Amino acid sequence: MRFWARLTTAAFFVFALAITVAAQAPSQAPSDDLASLRQQAAAGDAQAEFALGNRYYRGVGVGQNYDQALLWYRKSAGQGFAAAQNQLGSMYQHKWGVERDYKIAAAYYKSAANQGYAPAESNLAFMFQTGLYLKHDLKQAFAWYRKAADQNFADAEEELGYFHQNGYAVKRDYAQALIWYRRSADHGSANAENQLGFMAEMGWGEPQDYDVARSWYYKAAEHGSDTAQENIGYDFQYGTGVPIDYDQARTWYYRAADQGNGDALNQLGWMYQYGQGVKQDDGEALRWYELSAQTGNTHGQNNLQAFTDDLKYQRGAVLANAINEKVDDPALLRAQRWAEIRDLRARITGLESDAVQQDDLANQLEGMGNGKPDAISKTFHGMGKVGAVKFHVEAAKYRAEAAGLREQLAELENQTAVTP
């Protein structure tokens, strides 16, 4: 069964790491030289503060440090710099370097969106669309997407296409959906290109045309859309508009799988389970399903459970053999490495976020009674400093663990870079 992928809204969170706002731009652009950039930021230049925050956030020219990134983002945001406000909103929404807090995220998005900053308008729209802290309101979501789309912001244009395609907040209108998808595609959205392929394949708003659909899928795939890569693989696997070609199907599934596409991982499991273009292999099928399930893919989870049950209850010892079987398929080993890389990155981010939270708690304790001359305040200040030690120790422990994981990550990324 084909499970068509809609727009992956989670991918629309925009970090705006290189976007500036003309109305807020200082007389002098941020320097590429780190020392000069520090001087500009220290002098209170909001755009330089934002640029320095980006350096620390991404670890460019400096060690990655969420504490320092937050410090400089907050300085920039405090001066009303919209890109910094939007970035902080994203960090609070996704628990990147801070404890997740949708209320704070929404506040930052609103501040930036009220300045007409398109990425923040789109992010705020998403919060209305999904009901994250803000009340679920598709009309408000549509309105904010439209504001961003009027600035040619590709992700928002794509969402307007999806709203028209499905009749969200507006009457279903495939013609309007196509208009917005084409605008988004013209502005560089691979996801919109994929969606145009889907519309052509389904014959929505235009005559059904598999050749047109594939041309859009190929464009999107070459622009990095793992969903389009999976869609092409599916067409070859099941002969949708093309002759069945299992080799081509696997080739495209492998490309999508390298990006963690759960549907592609699941389909590869299916092909090995039933021997479609490959020798039937229970062990390899099981591992592809496991990788799919690890991404949270429902189909992979269901197939993993069903296949495991089949091996266990209907064929006895076959399950143990499949689990213990050594698999030397380079594509599978590569997919497993990418899964480990994604897991390590997520764990590192989580540990860094926990460390920042521990330091924040320590700072709160250290500030107890600070600046007040009376004896009681001094006592509380002393108690706070003592209590803060525990949290600083925890923060250091988390950072040490994150550092160890970074070493593992670097080694694994190096292996992936040199292994075909």
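Listed values, structure above:
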quantity: Spacing of the two label points (7 Å from each Cα toward its C-beta) at D209 and E407, in nm; calculated: 5.8
quantity: Segment E222-N166, extension gain: residue separation times 0.36 nm, minus the distance between their alpha carbons; calculated: 17.5 nm
quantity: Flagged links, alpha-carbon separation over 27 Å, of K147/K171; K95/K390; K135/K171; K110/K219; K103/K219; calculated: K110/K219; K103/K219
quantity: Extension gain (nm, one decimal) between N414 and I244, 0.36 nm per residue minus Cα-Cα; calculated: 57.6 nm
quantity: Calculated diffusion of the range 203-308, Stokes-Einstein form, Kirkwood radius summed over Cα pairs, 20 °C and 1.002 mPa s, µm²/s; calculated: 154
quantity: Net charge of neighbours whose Cβ lies under 11 Å from the Cβ of E99, counting Lys and Arg as +1 and Asp and Glu as -1; calculated: -1
quantity: For the range 109-160, the spread of Cα positions along each principal axis, largest first, Å; calculated: 26, 22, 13
quantity: For the range 106-193: Kirkwood Rh in Å [reciprocal of mean 1/r, alpha carbons]; calculated: 12.6
quantity: Per-peptide average of other Cβ atoms within 10 Å, ordering 165-171, 256-262 highest first; calculated: 256-262, 165-171
quantity: Segment K139-D67, extension gain: residue separation times 0.36 nm, minus the distance between their alpha carbons; calculated: 22.2 nm
quantity: Relative packing of peptides 151-157, 186-192, 393-399 - highest average C-beta neighbours within 10 Å first; calculated: 151-157, 186-192, 393-399
quantity: Q151-Y102 pseudo-label distance in nm [points 7 Å out on the Cα-to-Cβ vector]; calculated: 2.4
quantity: Local net charge near Q357, Cβ-Cβ under 14 Å (Lys/Arg +1, Asp/Glu -1); calculated: -3
quantity: Residue-count net charge about K139 - beta-carbon cut-off 14 Å; Lys, Arg +1, Asp, Glu -1; calculated: +2
quantity: Pair A400, Q280: separation of 7 Å Cα→Cβ label points (nm); calculated: 5.4
quantity: Sequence ranges 222-230, 33-41, ranked by mean other-Cβ count within 10 angstrom, highest first; calculated: 222-230, 33-41
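Rule-based calculations on the coordinates, nothing more; no lab input. Remember, predicted model here, so these are calculated numbers, not experimental data. Virtual Cβ from ideal backbone geometry, glycine too; neighbours counted across all protein chains shown.
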